[in-house]
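Asks: Below you will find the structure I want to go over with you.
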Amino acid sequence: MSDSQDWRARRWDDTHQRIYASAMRLFQELGFEQASVGQIAAGAGVSVPTFYAHYQSKEHLVMQLPTAEEMNALLADQPADLPVADRIRRAAPLWFAQWSPEFREAQLARWQVIATTPALRTRAAEFERTTAGMIADALPAERGATLRPADQVVVNAYLAAFTLGMLAWADCNGEHKLEELIDEAFEALQPR
């Protein structure tokens, strides 16, 4: 990477982070719905078009999807002969193990905004379904294969439980261990 490309990348990252920090500060002070894109941009020292060059919307500042590549990597080493539920349960701790303390703190702040904003709680279900689709695509043992409908139901149920565990973590202000809350939500899906 040349010096000018490196400088541009650092500038992009700095601007991206300033916008995020401005947004989170305003969401905490004013509430998600009361904070406008104009206020966020002004707080970051950028224009509204610059905001939109970095983020599709206010929702995308808070609600972040994993990538298909991340889901593929997370599930690649899970034995294909295990039931789908077991593969998901085994992958969850691996996902959390990748989180740095700073990333964990940022996730808690994001989920607190989601938990306190009814419209975002509803939008979380849309992001959950998209992530479930990525997981369903990553799980089949053979390339190009699709999961059976029953397994797709399992994936969606586990992603719903995951979302509820994240919301519980936000609701308790991170006072309970996230991994335990997720495991408790997953446990509710086990046959009795």
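Asks: Going residue by residue through segment 113-132, is there one that turns out to be over 11 Å from the mean Cα position of the chain (by Cα), in the same structural domain as residue 78 (by TED's automatic domain parsing), farther than 20 Å from residue 23 by Cβ and charged (D, E, K, R)?
Replies: The answer is yes, given that some residue of segment 113-132 is over 11 Å from the mean Cα position of the chain (by Cα), in the same structural domain as residue 78 (by TED's automatic domain parsing), farther than 20 Å from residue 23 by Cβ and charged (D, E, K, R).
Asks: With the checklist (1) exposed (fewer than 15 other Cβ atoms within 10 Å of the Cβ); (2) closer than 17 Å to residue 28 by Cα; (3) of a type in the set (Gly, Ala, Ser) in hand, flag the one item residue 115 doesn't pass.
Replies: (1)
Asks: Residues in segment 20-49 that are surrounded by 15 or more Cβ atoms within 10 Å (Cβ to Cβ) and touching a Ser or Thr at 6+ places or on another chain (Cβ under 7 Å): how many?
Replies: Selection size over segment 20-49: 6.
Asks: Among 64, 78, 17, which is the only one that is surrounded by fewer than 16 Cβ atoms within 10 Å (Cβ to Cβ) and part of a loop (DSSP other than H, G, I, E, B)?
Replies: From the options 64, 78, 17, the qualifying one is 64.
Asks: So in segment 145-178, with the set limited to residues that are polar (S, T, N, Q) and not in a helix (DSSP H, G or I), which one is farthest from residue 101 (Cα to Cα)?
Replies: My answer is 146.
Asks: Would you please list the contacts, defined by Cβ atoms under 9 Å and residues six or more apart or on different chains, that run from a residue in segment 42-68 that is without any contact (Cβ under 8 Å) to a residue 60 or more places away in the chain to a residue that is surrounded by fewer than 12 Cβ atoms within 10 Å (Cβ to Cβ)?
Replies: Going by the 9 Å Cβ cut-off, the qualifying pairs are 48/38; 51/38.
Asks: Could you look through segment 87-103, keep only residues that are surrounded by 13 or more Cβ atoms within 10 Å (Cβ to Cβ) and of a type in the set (D, E, K, R), and pick out the one that is farthest from residue 176 (Cα to Cα)? It would help to see each step written out before you state the result.
Replies: Applying the first criterion (surrounded by 13 or more Cβ atoms within 10 Å (Cβ to Cβ)) to segment 87-103 yields 87-92, 94-96, 99.
Filter again for of a type in the set (D, E, K, R), leaving 87, 89-90.
Numbers: 87: 24, 89: 19, 90: 20 Å.
Across segment 87-103, the extreme among qualifying residues is 87.
Asks: Out of (1) outside any helix (DSSP H, G or I); (2) farther than 21 Å from residue 79 by Cβ; (3) aliphatic (A, V, I, L, M), what's the single condition that is false for residue 181?
Replies: (1)
Asks: Next question. Any chance segment 121-128 includes a residue that's surrounded by 12 or more Cβ atoms within 10 Å (Cβ to Cβ) and part of a loop (DSSP other than H, G, I, E, B)?
Replies: The answer is no, given that none of the residues of segment 121-128 is surrounded by 12 or more Cβ atoms within 10 Å (Cβ to Cβ) and part of a loop (DSSP other than H, G, I, E, B).
The values are calculated or read from the model by the stated rules, or taken from the named source; none is laboratory data. The structure displayed is predicted, hence computed values, not measured ones. Backbone-built Cβ (ideal geometry, glycine too); neighbour counts: all protein chains shown.
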